[in-house]
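Undergrad: Structure in structure tokens, see below.
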Amino acid sequence: MEKSQRFEVKLWRDITIGFLIGAVVILGFREYFRSQLTAGISVEGISAQENPAQTQGTAPIQSSSQYFAETVTESRNNAITRAIKEVAPAVVGINVTQVREYRSPNPFWNDPFWGQFFRGRNYQKKVENLGSGFIISPDGLVITNEHVVHNATEILVTMEGGEQYHAQIVGADYYSDIALLQIHADNLPYAKLSQSDEIIIGEWVIALGNPFGLFTNNDQPTATVGVVSATDRDFNRTSEGRIYKNMIQTDASINRGNSGGPLVNAEGEVIGMATMIFTEGGGSLGIGFATPVYRITEIVEALQEAGGVNRNYWTGLSIQNLDRLIALSMKLNSTDGVIVTDVETDSPGEKAGFQVADIIIAINNQKVTNYNAVRTFLENEDLKVGDLLNFTIKRDGKNRDLELRLEEMPR
């Protein structure tokens, strides 16, 4: 019994000593790690005394909250925001006073008898119009759509920041819907035009402009973002006689007032000019079209040199439809194509190598079936003096390719 009591006392003593030793060890480690973690650290970061690198001019290590805030801020500044920041100063709002012609209604509508005595009259009226544009040179050349400044009597250009200038038309081309303006100022910010024809379907684009006149309200352009939805969209000659070719389709929102504004890629280069939209009620449906920059450049060069585009061309060729008798006599299997009936001396056709009885079967890789097909091609291609046409002809039963460069019609 006495031996059992001694054993219990010894057991409790050993447990107590072990507990005390463990407590001392734990407290010792805690104090050690606390000293290591807190040594030289302040709320702002590592102190200069404990960080010799800082004493040599190295920036202090930031707290996690500061680092996170700066990381988020940096991530917000992406390619899109940088492109907008670069191009926006060159974008302008355009307010125009135009003269439009109207016709008063006939009180007898289309009555066949009274209508010949009481006809409606034409009258002119001044109206306000608005659009967008972008500066392309430090001395104030501005590009916009022709329909923005058509029949304008006064053009007022507003820049980012509120500066306003009266503009004059250097040249305007109705058919391509491109106009070149001049404002009198120096050292202006200007947009960089893309030098590449390569446009990637799906790449990010930004439309900048003056939708609904918002530019005038706060002196800054509106930016909308989308992608290139398609390229090389061609439209036949419109009811107004304009020709839109190789258009860039985008879902970046384009509305009334955006016409003439730049379409910019993520590198801050202008790749097109907002020109038209498909709409049901006047607003954006996400189907907008921009004139490609290479077409703009081509037209602008002509406007600078001559104030207009010369479309008074000739080919020197006379043609007619093929009929069954002609096809049989020439041993042709079909009547598709047109036959050359005359080639004028010293004409573009003669220089290209055309001969009487050549059968034209394609122009610029577009199949020619008859005379109407040729006429439709010429109407919708917006051809100009100096343009090169590629003809595929049939001669002596073999196909040949001829190149014809359009020349100005002799006077």
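Undergrad: Of everything in segment 232-257 that's assigned to a strand (DSSP E or B) and touching a residue at least 60 places away in the same chain (Cβ under 8 Å), which residue is surrounded by the fewest Cβ atoms within 10 Å (Cβ to Cβ)?
TA: D234
Undergrad: Can you confirm whether I206 is of a type in the set (V, I, T), in the same structural domain as L130 (by TED's automatic domain parsing) and surrounded by 22 or more Cβ atoms within 10 Å (Cβ to Cβ)?
TA: So I206 passes the test.
Undergrad: Identify the single condition in (1) out of contact with any helix residue (DSSP H, G or I) (no Cβ under 6 Å at 6 or more places or on another chain); (2) in a loop (DSSP other than H, G, I, E, B); (3) under 15 Å from Y371 (Cα atoms) that R311 does not satisfy, given that it satisfies every other one.
TA: (3)
Undergrad: A further question follows. Test I360 against the stated conditions and say whether it is of a type in the set (V, I, T) and either on the phi > 0 side of the Ramachandran plot or surrounded by 19 or more Cβ atoms within 10 Å (Cβ to Cβ) (or both).
TA: yes
Undergrad: Then there's this: Would segment 318-327 turn up any residue that is buried (at least 17 other Cβ atoms within 10 Å of the Cβ), touching a Leu at 6+ places or on another chain (Cβ under 7 Å), outside any loop (DSSP other than H, G, I, E, B) and touching a residue at least 12 places away in the same chain (Cβ under 8 Å)?
TA: Checked segment 318-327: no residue is buried (at least 17 other Cβ atoms within 10 Å of the Cβ), touching a Leu at 6+ places or on another chain (Cβ under 7 Å), outside any loop (DSSP other than H, G, I, E, B) and touching a residue at least 12 places away in the same chain (Cβ under 8 Å).
Undergrad: Scan segment 365-381 and report the pairs whose first residue is over 16 Å from N246 (Cα atoms) and at pLDDT 90 or above and whose second residue is of a type in the set (D, E, K, R) and surrounded by 15 or more Cβ atoms within 10 Å (Cβ to Cβ), with Cβ atoms within less than 8 Å and a gap of 6+ or a chain change.
TA: K367/D336; V368/D336; T369/D336; N370/D336
Undergrad: Of these, D346, D342, which one is assigned to a loop (DSSP other than H, G, I, E, B) and of a type in the set (D, E, K, R)?
TA: None of the other options fit; the residue is D346.
Undergrad: While we're on this one: Looking only at strands (runs of 3 or more DSSP E) that lie completely in segment 162-228, which have at least 1 residues being free of Cβ contacts under 8 Å to residues at least 60 places away in the same chain, aromatic (F, W, Y) and closer than 16 Å to L130 by Cβ?
TA: 164-173
Undergrad: Continuing with the same structure: Let me confirm something: among I183, I277, I201, which residue is within 18 Å of I136 (Cβ to Cβ) and hydrophobic (A, V, I, L, M, F, W, C)?
TA: Among I183, I277, I201, only I183 is within 18 Å of I136 (Cβ to Cβ) and hydrophobic (A, V, I, L, M, F, W, C).
Undergrad: Continuing with this model, one more query. Give S75, S63, S104 a once-over and let me know the one that is over 30 Å from Q182 (Cβ atoms), modelled with pLDDT under 70 and not assigned by TED's automatic domain parsing to the domain that holds R256.
TA: S63
Undergrad: Mind listing just one residue for me: the one in segment 282-317 that is crowded, with 16+ Cβ neighbours inside 10 Å and more than 26 Å from the chain's Cα centre (by Cα) and, of those, nearest to A172 (Cα to Cα)?
TA: Y313
The values are calculated or read from the model by the stated rules, or taken from the named source; none is laboratory data. The structure presented is a predicted model; accordingly, all values stated were derived computationally and were not measured. Reconstructed Cβ throughout: ideal geometry from the backbone, glycine too, with neighbour counts over all protein chains shown.
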